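Chemist: Sharing a structure here in structure tokens format.
The values are calculated or read from the model by the stated rules, or taken from the named source; none is laboratory data. For clarity, every value in this text was computed on a predicted model and none was experimentally measured. Cβ placement follows ideal geometry from the backbone for every residue including glycine, while neighbour counts extend to all protein chains displayed.
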Amino acid sequence: MWNPRRSKPLSQTATAGFTLLEVMVAVAIVGIALVAFLRLHLLSLDATIRAQDLTTAVLLAQGRLATMGASPEPGEEEGKFEGPELERFRWATAVTEHTLEVGSTQPVQLRRVQVTVYWLDGQQQRSYSLETYGTGTQQQ
């Protein structure tokens, strides 16, 4: 209806827009969603760093095993890897030898080679071990 005292009809007097309460609720919802997404992002970064460290440890263990040769001497050794990006990593090797009597044939010499790579992940020490076995006939 049109009122002669007013210059505009009743339907046009209400202003369009958001109330302060509606804006505050929207900002709170966006804030909660951002916190959840940020947490997911941090967890993803942590998992990526752990995967990179494990990949590095596997490659270092394989490299150390390759440098030991085909028939390393029995015993244990420890050391560190060279390079500033590898200063968190260190290695340990253990070579053990066993003689197996197999029936009436010549004894078989079994050699176990284990390479372990250690590194610090924050305050926690992690490790990766790589083992291989070799056989040979013992000379009499």
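Chemist: Within region 96-129, which residues are closer than 23 Å to T55 by Cβ and of a type in the set (S, T, Y)?
Modeler: If the condition is that a residue be closer than 23 Å to T55 by Cβ and of a type in the set (S, T, Y), then T116, Y118, S127, Y128, S129 are the ones that fit.
Chemist: Out of contact with any helix residue (DSSP H, G or I) (no Cβ under 6 Å at 6 or more places or on another chain), farther than 30 Å from Y133 by Cβ and assigned to a helix (DSSP H, G or I): does that describe A57?
Modeler: No; evaluated as a whole, the condition is false for this residue.
Chemist: For the structure I just gave you, tell me whether A36 is modelled with pLDDT of 90 or more, in a helix (DSSP H, G or I) and loosely packed, with under 11 Cβ neighbours inside 10 Å.
Modeler: Criteria met by A36.
Chemist: Is there a residue being small (G, A, S) and modelled with pLDDT under 90 anywhere in region 70-92?
Modeler: yes
Chemist: Output the number of the condition that T116 fails; it satisfies all remaining conditions of (1) surrounded by 14 or more Cβ atoms within 10 Å (Cβ to Cβ); (2) among the β-branched types (V, I, T); (3) assigned to a helix (DSSP H, G or I).
Modeler: (3)
Chemist: Could you tell me which numbered condition A66 fails, if it satisfies all but one of (1) surrounded by 10 or more Cβ atoms within 10 Å (Cβ to Cβ); (2) under 19 Å from T135 (Cα atoms); (3) free of Cβ contacts under 8 Å to residues at least 24 places away in the same chain?
Modeler: (1)
Chemist: For region 69-85, which residues satisfy the criterion of being surrounded by 14 or more Cβ atoms within 10 Å (Cβ to Cβ) and either under 21 Å from T135 (Cβ atoms) or not charged (D, E, K, R) (or both)?
Modeler: P72, F81
Chemist: Related question: Scan region 88-140 residue by residue and report those that are under 23 Å from Q62 (Cα atoms), charged (D, E, K, R) and free of Cβ contacts under 8 Å to residues at least 60 places away in the same chain.
Modeler: R88, R90, E97, R111, R112, E131
Chemist: Out of the residues in region 65-95 that are assigned to a strand (DSSP E or B) and in contact with an Asp or Glu (Cβ under 9 Å, 6 or more places away or on another chain), state the one that is nearest to R50 (Cα to Cα).
Modeler: F89
Chemist: Report yes if A14 is more than 29 Å from the chain's Cα centre (by Cα), farther than 30 Å from T135 by Cα and either outside any loop (DSSP other than H, G, I, E, B) or at pLDDT below 95 (or both), otherwise no.
Modeler: So A14 fits the description; yes.
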